[in-house]
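The values are calculated or read from the model by the stated rules, or taken from the named source; none is laboratory data. All figures in this text were calculated on a predicted structure; none of them were measured in a lab. Reconstructed Cβ throughout: ideal geometry from the backbone, glycine too, with neighbour counts over all protein chains shown.
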Amino acid sequence: MTPTGLTYERIGRTEEVVRRLDALARVYQEVYAEPPYREGPRDAADFRVRAGRQAVRDGFRLVLARDGDELVGFSYGYRLPPDTGWWRALEEPLDDAFVEEDGRRTFNVAELAVRGPWRRQGVAAALHRLLIADQEAERTTLTVRPDPEAAPARTAYATWGYRKVGRARYGDGHPAYDVMVLPLPLPDGAPARLRRCGNRP
């Protein structure tokens, strides 16, 4: 269930996403200042640049959660391209048939962030379900830190149906992440009160 009074907006048009980057970066900085991430203002600035670049990727979509006029969480993702390095970063390679991409097979949940006071109320689950609803992809993938502090996120992903397929490092000096995969489509029943914005789903 979702808390009474929360509304959700799904956005697909790049210029609409770019217009909201400052607000997204503020939520990002608040959420990722916590353990195990302990990120600071520079990381939030890097996120803003990264999100702007990702917003032009094929199949990009963003979902916002608001309590009244207050932004309380967001999630976004995009389809992995045929030349993606996503699976090449795995510490133990998977078979070729599993990692093959055609630009439509896999939707990547790149970010999912909910501010502290609105957690454990179904907001993350609602954001996630709206993000991947109506996807034409065969599966969706995401990463989560293996640290003990990230156990609630890993538990939530497992409850939603994700399974771990390996561990990866996406760049030198980056921490390890567990890589998880969820088959699509999901059963019907996405949360209500979704307002679409933009010319893509």
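Checking each residue in the stretch 78-96 for being within 22 Å of G52 (Cα to Cα), surrounded by 15 or more Cβ atoms within 10 Å (Cβ to Cβ) and not β-branched (V, I, T) picks out Y78, R79, L80, P81, W86. Taking residues in the stretch 146-158 that are closer than 18 Å to V123 by Cβ, and partners anywhere that are at pLDDT 90 or above and of a type in the set (A, V, I, L, M), the pairs with Cβ atoms closer than 6 Å and at least 6 places apart or on different chains are A150/V144; A153/V144; R154/V144; Y157/M180. Output yes when any residue across the stretch 26-46 is touching a strand residue (DSSP E or B) at 6+ places or on another chain (Cβ under 9 Å), over 24 Å from R154 (Cα atoms) and among the acidic types (D, E), and no when none is. No - not one qualifying residue is present in the stretch 26-46. Scanning the stretch 88-129 for residues that are part of a loop (DSSP other than H, G, I, E, B) and free of Cβ contacts under 8 Å to residues at least 60 places away in the same chain yields R88, P93, D95, E100, E101, D102, G103, R104, R105, R119, R120.
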